[in-house]
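*Asks:* Please see the structure below; I have some questions.
The values are calculated or read from the model by the stated rules, or taken from the named source; none is laboratory data. Computed from a predicted model, the values in this text were never measured in an experiment. Here the Cβ positions follow ideal geometry from the backbone for every residue, glycine too, while neighbour counts run over all protein chains shown. Keep in mind that these areas ignore ligands, DNA and RNA; they rest on the heavy atoms of the full protein, side chains included. Shrake-Rupley method; radii C 1.70, N 1.55, O 1.52, S 1.80 Å.
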Amino acid sequence: MTAPLHPDLVRLGDALQHAATRDLGAVPAPIGTDAPAGPFVPARGRRPRRRRLVLGGLLAAVVLVPAAAVAADHLISTDEVAASMPAGTLSLAGTEPACTVVTKGVEFHCVLQRPPAPEVEDWTGTVEPTVDATKHVNGGCRSLVSDGTEWECYLGQAAVRQEIVSDGFLGQQVQGPGRG
């Protein structure tokens with residue numbers, strides 16, 4: 001994750017951690033009394049693992065789920081997807097793709113300003129890998145039209161499910177755009 005957490009998430013996480021620490025370090029006062037909570041003394045030498053696990057899981061869910069959503073929102077832009085097309089396939093060099101979001105962080109619709117190299121007579125259904133800026137296969141695209149100017153692109157496991165790239169190929173480092 002490259003972006004800092006939203007200040008509200010930081011405060012919420014701090015409050016949950018404080019509450020969990022306070023809760024695990026004290027037992028509640030008996031019902032109907034104004035007595036302060038006392039120090040925690042586990043019954044028969046047992047530790048309150050279940051409570052600790054539940055609170056830890058809750059804390060993780062409250063902080064990490066929104067953080068992951070924020071990170072996914074910033075992980076890849078439409079420009080990065082567009083750049084990943086010719087980086088993965090030499091036939092798409094110089095085509096100037098422009099992409100729009102279909103499903104945030106997963107699926108993109110891309111249109112090329114120029115058709116790809118004429119090495120394929122009918123591009124419909126042709127699949128090609130995409131390569132990120134670090135030269136790793138990050139997904140792939142499928143041509144939707146015969147002239148190869150319209151593509152649907154998928155990132156990560158979505159590209160595997162779409163049978164564009166294999167699970168073993170996803171994440172592999174490549175030296176340059178694929179040829180042929």
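*Asks:* Out of the residues in the stretch 98-137 that are open to solvent by less than 30 Å² (accessible area, probe 1.4 Å) and in contact with a Pro (Cβ under 8 Å, 6 or more places away or on another chain), which is nearest to Ala158 (Cα to Cα)?
*Replies:* Val137
*Asks:* Determine the pairs where a residue that is assigned to a strand (DSSP E or B), located within the stretch 82-107, has a partner that is open to solvent by less than 60 Å² (accessible area, probe 1.4 Å) and of a type in the set (Val, Ile, Thr) with Cβ atoms under 7 Å apart, the partner being 6 or more residues away or on another chain.
*Replies:* Filtered contacts from the stretch 82-107: Cys99/Thr78; Cys99/Val81; Thr100/Thr78; Val101/Thr78.
*Asks:* Oh, and also: Which number in (1) surrounded by fewer than 16 Cβ atoms within 10 Å (Cβ to Cβ); (2) of a type outside the set (A, V, I, L, M, F, W, C); (3) within 21 Å of Thr78 (Cβ to Cβ); (4) out of contact with any Ser or Thr (no Cβ under 6 Å at 6 or more places or on another chain) marks the one condition that Gln173 misses?
*Replies:* Just one mismatch for Gln173, condition (3).
*Asks:* Just to be sure before I move on: is Gly125 under 17 Å from Arg179 (Cα atoms), in a loop (DSSP other than H, G, I, E, B), free of Cβ contacts under 8 Å to residues at least 24 places away in the same chain and not hydrophobic (A, V, I, L, M, F, W, C) in the structure I sent?
*Replies:* no
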